[in-house]
Amino acid sequence: MAVIAAAVVVTLLSALLVGLGVLYLGGDPASTGQGAVPLPGASPTTTTSSSQSSPSPAAPSPTRQVPPSAQSFAYQPLWPFASVAEAAAWQSAYRDGGKQPWHLDADETALSFTTGFLGFTEIDRVVTRSIKDDEAWISVGYQSSEGPASVAAVLHLVRIGQGDDAPWEVVGSQDSTLTLERPRYGAKVTSPITVGGRITGVDESIRIDLRQSGAERPIGSSCCLPGGGEKQAWSVRVTFRGAAEGAVTVVASTGGHVQDVERFAITGVRVG
């Protein structure tokens, strides 16, 4: 009985020490940035679109949720549609005349977002993809030398609307070595805002841009914050002006070793 009691005590002490270690280190050391998470109060239901699969899956997102219905959208829509109503308007035009079929292709949507909306023209290819039901994780990157292409970001896309022709919408990114943890995903913001996260690397230079659909240039920028080390915290205040009511895409990027932009992460907030 004494041996059993001692074993129980050791087990309890071990569990306590593990719990204290996690608390002290700030949580699971393998965890990534906040990513795209369902917005508070969202009540998504399953759409009727068909499911797809990929032979080269990326790591599953920790924020996997059931996709939204035609009446609501569980995530912060960032690009190319500002709302379910805009997506439905495109569906109507597509059904009538096949307008802009690239909205049905997750790869094309991710690349158009990266090279067109963000202006990162050097990031010009899809490296890997994982598509399951109405969600997709598309790794975009570049070819810098011989060997496999480098991944700059893993974009999270969700079908917006209802039906087999529901288009893809960029809602966030799945972060690893460059994370965006502030501001909170989907938060309402006013200028200035604090943008922050963690970075792993050497001699990094972090640039922040705030972008809105319809604006040719960023509505706010900060360049550039030195960074580096192993999961080192970084933070900067960014002022913006001229923002329209609606979604703002917060973009953190770093580069300069091989090309101007080598990694980036995004999150979505709202003005108004």
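The values are calculated or read from the model by the stated rules, or taken from the named source; none is laboratory data. These numbers were taken from a predicted model, which means no experiment stands behind them. Here the Cβ is made from the backbone with ideal geometry for all residues, glycine too, and neighbour counts use every protein chain on show. Just so you know, the surface numbers come from the protein's heavy atoms only, side chains and all, with ligands and any DNA or RNA stripped out. Shrake-Rupley method; radii C 1.70, N 1.55, O 1.52, S 1.80 Å.
So how much slack lies between Arg241 and Asp165, counting 0.36 nm per residue of separation and subtracting their Cα-Cα distance, in nm?
Additional length available on full extension: 23.7 nm.
What ranking, highest mean first, results for peptides 226-235, 195-204, 246-255, 86-95 when packing means the other Cβ atoms within 10 Å averaged over each residue?
Order by mean packing, descending: 246-255, 195-204, 86-95, 226-235.
Roll a 1.4 Å probe over the protein chains and send me the accessible area per residue for the stretch 166-272 in Å².
Per residue, the stretch 166-272 has 44 Å² of solvent-accessible surface.
With a bin width of 10 angstrom, please list the P(r) values of the stretch 71-124 as percents of all Cα-Cα pairs, from the 0 bin to the one holding the largest distance.
22, 48, 27, 3
Which percent of the accessible area of the stretch 122-272 is formed by carbon and sulfur heavy atoms (probe 1.4 angstrom)?
It is 44 percent, rounded to a whole number.
How long, wide and thick is the stretch 100-176, going by the Cα atoms along their three principal axes, in whole angstroms, largest first?
Computed over the stretch 100-176, the largest-to-smallest principal extents equal 42, 23, 18 Å.
Going 7 Å from the Cα of Asp260 along its beta-carbon direction, which residues of the stretch 101-140 have the amide nitrogen within less than 11 Å of the resulting point?
Of the residues in the stretch 101-140, 119-123 have backbone N under 11 Å from the label point off Asp260.
Assuming a viscosity of 0.692 mPa s and a temperature of 37 °C, what translational diffusion coefficient in µm² per second does Stokes-Einstein assign to the stretch 150-272, Rh being the Kirkwood radius over Cα pairs?
After rounding, the answer is 218 µm²/s.
Points 7 angstrom from Cα along the Cβ direction at Glu146 and Thr194: gap in nanometres?
In this crude spin-label approximation the distance works out to 4.9 nm.
Which cross-chain or sequence-distant (5 or more) residues have an amide H under 5 Å from the amide H of Gly163, H modelled 1.01 Å from N in plane?
Thr48, Ser49
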